[in-house]
Amino acid sequence: MLIKTTYQPAKDLEIKDGVFKTKINGLYYLAFNYFPDNRGFFSEVGYTYKIETIIGTPFKIAQLNHSRSLDNVVRGLHAEGWNKLTTVTNGTAFSALADVRPDSTTFAKVETFLFGEEGLKGSLFIAQGIANSVCVIKGPVDYLYCVDKLYQDRDPADDQAISLFDPDLNINWPIPKDQMIISDRDKQAVTLRQKFPEKFS
């Protein structure tokens with residue numbers, strides 16, 4: 001299975017100890033403090049105070065969610081009306097994120113990551129309006145995400161699903177389309193050009 005180059009944290013991208021910027025405004029990679037030994041491991045997966053320092057506003061976790069995905073499952077591209085901190089705790093996942101905020105200076109930019117047993121050991125802080133995805137390379141993949149609003153308190157108008165196969169995003173998925181297990185919602189998702197035609201005129 002061929003996976004082209006994905007994000008790698010580098011010293012020139014580090015903006016705070018263990019926190020790295022990406023090509024998308026509001027998307028940050030947080031490296032784990034990871035301590036393996038003969039019993040297993042212990043890891044610190046994120047610090048809200050570091051996030052708050054960078055974004056300049058409080059990040060108070062209101063809800064913690066856990067999803068499990070099996071081999072060849074792909075979820076995304078989804079954006080919601082909350083900020084979130086995400087991490088993969090089991091398996092290996094490819095993750096593509098796209099800026100779908102029409103007023104953003106990084107609109108339509110894409111960043112890709114490989115997380116888990118065969119990838120990076122870290123978390124992502126994803127600002128509201130950035131669409132993310134999980135593509136299972138080696139399952140099951142357990143995916144935890146902490147959000148700063150309760151599900152029932154979010155504005156459903158902020159929920160967006162953008163096509164995994166948007167030609168303008170041109171994401172190189174590591175699984176052939178005909179082998180992907182995708183929800184009906186994601187199969188029917190629109191492209192950025194359909195949703196924001198004025199951005200492409």
Legend entry - Selection count, region 110-138, where residues are farther than 14 Å from K84 by Cβ and buried (at least 17 other Cβ atoms within 10 Å of the Cβ): 14
Legend entry - Given (1) in a loop (DSSP other than H, G, I, E, B); (2) under 13 Å from the mean Cα position of the chain (by Cα); (3) not aromatic (F, W, Y), number of the condition P9 does not satisfy: (2)
Inset, instruction - Would you check if there is a residue in region 47-68 being touching a Ser or Thr at 6+ places or on another chain (Cβ under 8 Å) and on the phi > 0 side of the Ramachandran plot? - result: no
Legend entry - Residue match in region 181-200 (condition: within 29 Å of A31 (Cα to Cα), touching a residue at least 60 places away in the same chain (Cβ under 8 Å) and outside any loop (DSSP other than H, G, I, E, B)): no
Inset, instruction - Please enumerate the residues belonging to region 40-69 that are hydrophobic (A, V, I, L, M, F, W, C) and within 18 Å of K149 (Cβ to Cβ). - result: I51, I55, F59, I61, A62, L64
Legend entry - Lone qualifier among R75, R68, R101 - being of a type in the set (K, R), in a strand (DSSP E or B) and surrounded by 15 or more Cβ atoms within 10 Å (Cβ to Cβ): R75
Inset, instruction - Show the residue pairs that are 6+ apart or on different chains and have beta-carbon atoms under 7 Å apart, the first residue being within region 151-170 and over 16 Å from L192 (Cα atoms), the second being part of a loop (DSSP other than H, G, I, E, B). - result: R154/E80; R154/G81; R154/W82; D155/G81
Legend entry - Qualifying positions in region 147-184 - modelled with pLDDT under 95 and among the basic types (K, R): K149, R154
Legend entry - Of residues in region 51-65 being of a type outside the set (D, E, K, R) and part of a loop (DSSP other than H, G, I, E, B), the one surrounded by the fewest Cβ atoms within 10 Å (Cβ to Cβ): G56
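Residues are listed down the side, and each one gets a yes or a no for (1) among the small types (G, A, S); (2) within 24 Å of T191 (Cα to Cα):
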| residue | (1), (2) |
| --- | --- |
| T6 | no, yes |
| P9 | no, no |
| G18 | yes, no |
| T22 | no, yes |
| A31 | yes, no |
| T53 | no, no |
| L64 | no, no |
| L77 | no, yes |
| T89 | no, no |
Legend entry - Tally of residues being buried (at least 18 other Cβ atoms within 10 Å of the Cβ) and in a strand (DSSP E or B) across region 12-30: 6
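The values are calculated or read from the model by the stated rules, or taken from the named source; none is laboratory data. All figures in this text were calculated on a predicted structure; none of them were measured in a lab. Here Cβ is always computed from backbone atoms with ideal geometry, including for glycine, and neighbour counts include all displayed protein chains.
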